[in-house]
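The values are calculated or read from the model by the stated rules, or taken from the named source; none is laboratory data. Predicted, not measured: the structure shown is a model, and the values here were computed from it. A quick note on method: Cβ atoms are made from the backbone with ideal geometry, for glycine too, and the neighbour counts reach across all protein chains shown. All accessible areas refer to the heavy atoms of the entire protein, side chains included, with ligands and DNA or RNA removed. Shrake-Rupley method; radii C 1.70, N 1.55, O 1.52, S 1.80 Å.
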Amino acid sequence: ELKVEQNPLFLSMQEGKNYTIYCNYSTTSDRLYWYRQDPGKSLESLFVLLSNGAVKQEGRLMASLDTKARLSTLHITAAVHDLSATYFCAVEFSDSNYQLIWGAGTKLIIKP
Amino acid sequence: IAGITQAPTSQILAAGRRMTLRCTQDMRHNAMYWYRQDLGLGLRLIHYSNTAGTTGKGEVPDGYSVSRANTDDFPLTLASAVPSQTSVYFCASSPRAGYNNEQFFGPGTRLTVL
């Protein structure tokens, strides 16, 4: 079965702290995507990771992909309130006819 | 402005009525998708189209139909709406599934079936 699991599902943290969101998936893939969703809004693409060892950074967010471990991480450095959102990872599997399989999302609340 | 548009923004519908949600993209993307998002259930794929003229079933296709007559448009039809179809519906597109599947999302349609 094709599965994508995120953890934690909910995270409340203080501004200025660092934290990591994890995305595990069940079978071979080297294509993983991270999205952000603000409450009541649509999804916005954050990072596209297309190979083992890929690392992308944008501001206080950094995403990486380890295809051997079937794991991607989204690291938040010195969190600020504006990063409060729900973050989704999605994985593209050849066995799913290249459709994205989505994680359940991590709701991140950053308290000022 | 390039992107994806959806219509309507929101709709309240009586059970049993037929409804078509519209989706149009102007990015010349090959692939298009319909998702529903429900609280606690994440994002679920309803139908997809990897290229104009083809469609496929996603995780939750029952009660929905789609067509892809051209590259730009991908309407989603509920033939006879039921309350369990109350949800937020997102349309998305990507350049090419299996090659560049970064998906870009429309603003969503909030549908309530009474």
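Results, tabulated for the structure shown:
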item: Set of lysines with alpha-carbon distance to A:Lys107 below 17 Å, sequence-local pairs under 8 removed; result: A:Lys17, A:Lys41
item: Which of A:Tyr33, A:Val4, A:Leu43, positive extreme of dipole for region A:1-67 (C-beta unit charges); result: A:Leu43
item: Accessible surface buried once A binds B (1.4 Å probe; total of both sides; Å²); result: 1500
item: Accessible surface of region B:4-113 [probe 1.4 Å, protein heavy atoms]: carbon and sulfur percent; result: 49
item: Cβ-derived FRET efficiency at R0 30 Å, B:Ile12 paired with B:Thr54, nearest 0.05; result: 0.35
item: For region A:43-48, 3J(HN,Hα) per residue [Karplus equation, 6.51 cos²θ - 1.76 cosθ + 1.60, θ = phi - 60°, Hz, x = Gly/Pro]; result: 8, 10, 5, 9, 9, 10
item: Under the Karplus curve 6.51 cos²θ - 1.76 cosθ + 1.60, θ = phi - 60°, whole-Hz ³J(HN,Hα) for region A:55-64, x wherever Gly or Pro sits; result: 9, 10, 9, 9, x, 8, 10, 9, 10, 9
item: List of region B:97-113 residues, accessible area with partners at least 40 Å² below that of the chain alone (1.4 Å probe); result: B:Gly98, B:Asn101, B:Glu102, B:Gln103, B:Phe105
item: Along principal axes, Cα extents of region B:4-113, largest first, whole Å; result: 39, 29, 23
item: Scattering curve values for the protein assembly as shown, log₁₀ I(q)/I(0), Debye with Cα scatterers, q = 0.11, 0.12, 0.14 Å⁻¹; result: -0.55, -0.65, -0.88
item: Distance between modelled label sites at B:Arg28 and A:Lys107, nm, 7 Å Cα→Cβ extension; result: 4.2
item: Euclidean distance of C-alpha centroids, region B:72-90 and region A:69-92, integer Å; result: 30
item: Average accessible surface area per residue within chain A, 1.4 Å rolling probe, Å²; result: 49
item: With every protein chain in place, region A:8-109: carbon and sulfur % of accessible area (1.4 Å); result: 49
item: Å² per residue, accessible surface of region B:4-113 at 1.4 Å; result: 45
item: Residues B:Ala69 and A:Glu58, FRET efficiency given R0 of 22 Å [Cβ-Cβ distance, rounded to 0.05]; result: 0.05
item: Along each principal axis, Cα extent of region A:4-111, largest first, Å; result: 40, 29, 20
item: Computed magnitude of the charge dipole of region A:4-111 (debye, nearest 20; Cβ of K, R +1, Cβ of D, E -1); result: 200
